[in-house]
Amino acid sequence: MEKRINKIVFIIVVIAVGELGIDRFMRGQTMMGVLKLVTCGGLGVWWLIDVIGVLTRMSKYDEEIIFIDGEYKE
């Protein structure tokens, strides 16, 4: 399933509430979102990895990020 999310909105969500797993729920990765929520973003480590990952991929997208089955479309 393909999901399109505004790039700026997604960056804000990952940074602001990413430790609660909201970004994973937006991507369609429900179980990963629940795990991230229960572990508080992997005690911050998982959250930091997601922030770095999203910021390094942002130059590849114009206005929207496209996810297919929860993974970034390259």
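Measuring only protein heavy atoms, the 1.4 Å probe finds Ile66 accessible over about 30 Å². So how tilted is helix 45-57 from the main axis of the chain? Cα-based, degrees 0 to 90, rounded to 10. Computed tilt is about 10 degrees. Largest to smallest in accessible area, the residues Lys73, Lys3, Lys36 fall in the order Lys73, Lys3, Lys36 (1.4 Å probe, all protein chains included). Between Asp62, Asp23, Asp50, the Gaussian network model of the chain with springs among Cα atoms under 10 angstrom shows the greatest mean-square fluctuation at Asp62.
When the helices in the chain are scored as -39500 (n - 2.57) per DSSP H run of 4 or longer and the sum is shared across all residues, what 222 nm value do you end up with, to the nearest 500 deg cm²/dmol?
-16000 deg cm²/dmol
Taking a point 7 Å out from the Cα of Thr30 in the direction of its Cβ, the residues of segment 49-73 whose backbone N falls within less than 17 Å of it are 69-71. The modelled label-to-label distance for the pair Asp62/Met1, using points 7 Å beyond Cα in the direction of Cβ, is 2.6 nm.
The values are calculated or read from the model by the stated rules, or taken from the named source; none is laboratory data. This structure is a prediction, so every number in the text was calculated from the model and none was measured. Using ideal geometry, Cβ is built from the backbone for each residue, glycine included, and neighbour counts are taken over all protein chains shown. To get the accessible areas, we keep the full protein, side chains included, count just its heavy atoms, and leave off ligands, DNA and RNA. Shrake-Rupley method; radii C 1.70, N 1.55, O 1.52, S 1.80 Å.
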